[in-house]
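The structure appears right after this line, and notes come after that.
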Amino acid sequence: MSRSLDEIKIIPRHIAIIMDGNGRWAKERGLPRTEGHRIGADSVSEVVEECGKLGVEFLTLYAFSSENWKRPKREVSALMTLLERFLKTKTAEMLEKNVRLQAIGRLHDLPKSCQEQLHRSIEKTSQCTGLTLILALSYGAREEIVDGIKSLLESVEKGHLDKAMIDNDIFAKHLYTRYYPDPDLLIRTSGELRISNFMLWQISYTEFYVTETLWPDFRKEALHLAVKAYGQRQRRFGAI
Ligand code: IPE
Ligand code: IPE
Ligand code: MG
C-alpha cells in the first residue's frame, strides 16, 4: 500500500477539482496543448479510481467552462473529441469500479454526438452505488445561478412556490447541483489563485487547496497530499 495513504484519517465527502495546467504541461515539453489534455485524461482516470478507493462519495471535475468556448476552434474541437472518446472507452471501467457518472452545466451546448455519448454513459452507470463522478461541462457558476433564478421564477409563476418561502435551501434546489452536497474540499492545480466561475454558491464553506502541480502530473500521491492537508483544517462555519 502507498506510504502516502498511512496518515489519511479524514476523508472529504465531496471533492471538487479545477483541473488546470494542461497547456503549460505540454508547453514545457515542446508539445501541442492537446497533448496536455490527452495526458490529463489519464490523471482523471487515476484520480477517479483513487477517490473510489478512499471512500469519497462525490467527485466534481471542472472539465470545460462556459468561457472555454472562447478558445481556438481547433482546441475546443480536440477537447470535445477527447471527452467523447474518454466516455466511450471508460464507461466499462466505471461500471466495474461501481462509479456513477453525472454531469452539470449547459450540456445542450455540447456537440450532439458528445451529448449522446454522455447520456449513454450516465444511463449505463445509473445503478452504481460507489463514487459519484460529476463532470462540469460547459459549466459556469454565474450561468448556473441565472438558470436557477429562471427556474425559481417559473415555479412561482406556476403557483408551485410562494415567493415568501424562498430561502438558501430552496434556492439550492434550483441549481444544477441540487442532488449533491456542497464540496468539502476544492483543489486547484497549476497554482492559479482564482475560482474561474466555478461553483460560486456551493463553495461558501469549502476548504481550498492549491498546488503548483500541473493537472497531467496530478496523480494519486498528489491527491493524498491534498486530502491529508484537508484533514488538518479546522472547519468552523462561522462558529467558534
Ligand atoms: C485545463 O488546462 C484544461 C481546460 C481548461 C479545458 P488549460 O488548458 O487551462 O492549461 P493552461 O492553464 O493553459 O496551462
Ligand atoms: C478553469 O481553467 C476551467 C477549467 C479547469 C475547466 P481556465 O484555464 O479556463 O481558467 P483561467 O482562464 O486561467 O481563469
Ligand atoms: Mg488554464
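Run the helix sum for the chain: -39,500 (n - 2.57) per DSSP H stretch of 4+ residues, divided by residue count, reported at 222 nm to the nearest 500 deg cm²/dmol. Let's see the in-between values first.
Numbers: 7 runs with 100 residues, N = 240.
Taken over the chain, the calculation gives -13500 deg cm²/dmol.
Taking the chain as a Gaussian network, Cα atoms linked when under 10 Å apart, which of 43, 77, 66 shows the biggest mean-square fluctuation?
77
How many Å³ per residue does the convex hull of the Cα positions in segment 137-240 occupy?
Numbers: hull volume 13.2 nm³, N = 104.
Each residue corresponds to 127 Å³ of Cα convex hull volume.
For a quick check of your reading of the filter: which trypsin sites (Lys or Arg not before Pro) in segment 66-171 sit in a DSSP loop and have no more than 13 other Cβ atoms within 10 Å? Please report the intermediate quantities before stating the final value.
Details: sites: 70, 73, 74, 85, 88, 90, 97, 100, 106, 112, 120, 124, 142, 150, 158, 163; in loops: 97, 106, 158.
Here the sparse-neighbourhood loop sites are 158.
Starting from the alpha-carbon convex hull of the chain, give the projected area averaged over all orientations, in nm².
Numbers: hull surface 59.3 nm².
If I average the Cα hull's projected area over directions, I get 14.8 nm².
Using a 10 Å Cβ count of at most 13 others and DSSP loop calls, identify the longest part of the chain lacking such chymotrypsin sites (Phe, Trp or Tyr not before Pro). Each step should come with its number before you reach the end.
Values: sites that count: 179, 205, 237.
Between exposed loop sites, the widest span is 1-178.
Could you state the number of Å between the C-alpha centres of segment 113-191 and segment 1-62?
First find each Cα centre; the distance between them is then 22 Å.
By a straight-distance test (C-alpha under 18 Å), which aspartates and glutamates pair with residue 90 as possible cross-link partners, with residues fewer than eight away in the same chain excluded?
The reachable aspartates and glutamates, counting only those whose Cα sits under 18 Å from residue 90, are 42, 46, 49, 50, 116, 123.
For the chain, with a Gaussian network of springs between Cα atoms less than 10 Å apart, report the residue from 182, 162, 217 with the top mean-square fluctuation.
With Cα springs under 10 Å in the chain, the top fluctuation among 182, 162, 217 is at 162.
Along Cα→Cβ, 7 Å out, is where each label goes; now give me the distance between the ones at residue 115 and residue 75 in nm to one decimal.
Between residue 115 and residue 75, the simple spin-label model gives 2.5 nm.
Which residue, chosen from 210, 32, 193, occupies the Cα position most advanced towards the positive end of the dipole of the chain, where the dipole is computed from +1 (Lys, Arg) and -1 (Asp, Glu) charges on Cβ about the Cα centre?
Among 210, 32, 193, the one farthest towards the positive end of the dipole of the chain is 32.
Rounded to the nearest 0.05, what FRET efficiency is calculated for residue 240 and residue 169 with R0 set to 22 Å and r the Cβ-Cβ distance? If you can, show how the numbers build up before the last one.
Numbers: r = 24 Å, r/R0 = 1.09.
Computed FRET efficiency for residue 240 and residue 169: 0.35.
Step through the residues of segment 13-20 one at a time and calculate ³J(HN,Hα) from phi using the Karplus curve (6.51 cos²θ - 1.76 cosθ + 1.60, θ = phi - 60°), rounding each to whole Hz and writing x for Gly and Pro.
Once rounded to whole Hz, the list reads 6, 10, 10, 10, 10, 8, 7, 10.
If the chain between residue 156 and residue 208 were fully stretched, how many nm would it gain, using 0.36 nm times the residue separation less the Cα-Cα distance? Numbers along the way, then the final one.
Details: separation 52, 0.36 × 52 = 18.72 nm, distance 3.54 nm.
So the chain would gain 15.2 nm between residue 156 and residue 208.
Pick from 72, 32, 216 the residue whose mean-square fluctuation is largest in a GNM of the chain, springs joining Cα atoms under 10 Å.
In this elastic network of the chain, the residue with the biggest mean-square fluctuation among 72, 32, 216 is 72.
What percent of all Cα-Cα pairs in segment 1-136 falls in each 5 Å bin, counting up from 0?
That works out to 2, 9, 19, 22, 20, 14, 9, 4, 1, in percent per bin.
How long is the gain from residue 145 to residue 9 if the chain were fully straight, where each residue apart is worth 0.36 nm and the alpha carbon distance is subtracted?
On the way: separation 136, 0.36 × 136 = 48.96 nm, distance 3.47 nm.
In short, 45.5 nm is gained.
Could you work out how much longer the chain between residue 49 and residue 200 gets when fully extended? Use 0.36 nm per residue separation minus the Cα distance between them, nm to one decimal. All intermediate terms of the calculation are to be shown ahead of the outcome.
Values: separation 151, 0.36 × 151 = 54.36 nm, distance 2.68 nm.
The span from residue 49 to residue 200 would gain 51.7 nm if fully extended.
Once phi is turned into θ = phi - 60°, what whole-Hz ³J(HN,Hα) does the Karplus curve with 6.51, -1.76 and 1.60 give for every residue of segment 84-100, x standing for Gly and Pro?
4, 5, 4, 5, 4, 8, 9, 5, 4, 5, 4, 4, 4, 8, 6, 8, 9
Roughly to the nearest percent, how much of the accessible area of segment 140-240 is carbon and sulfur, given a 1.4 Å probe? Could you put the intermediate results ahead of the total?
Numbers: 3040 of 5850 Å².
Whole-percent figure for carbon plus sulfur exposure: 52.
Give me the net charge for the shell around residue 163: Cβ to Cβ below 14 angstrom, other residues only, Lys and Arg +1, Asp and Glu -1. Mind dumping the intermediate values first?
Details: positive: 158; negative: 154, 157, 162, 167.
Here the charged neighbours net out to -3.
Using DSSP, restrict attention to beta bridges with both residues in segment 34-163 and report what percent are antiparallel, rounded to the nearest 5.
Taking every DSSP beta bridge within segment 34-163, about 0 percent pair in antiparallel fashion.
Between residue 186 and residues 5 or more places away or on another chain, which pairs have amide H atoms under 5 Å apart, with H built 1.01 Å from N, and which residues are they?
Distant-sequence amide H within range of residue 186: 16, 207, 208, 209.
The values are calculated or read from the model by the stated rules, or taken from the named source; none is laboratory data. None of these values were measured; they are calculated from a predicted model. Ideal geometry is used to build each Cβ from the backbone, glycine not excepted, and the neighbour counts take in all protein chains shown. All accessible areas refer to the heavy atoms of the entire protein, side chains included, with ligands and DNA or RNA removed. Shrake-Rupley method; radii C 1.70, N 1.55, O 1.52, S 1.80 Å.
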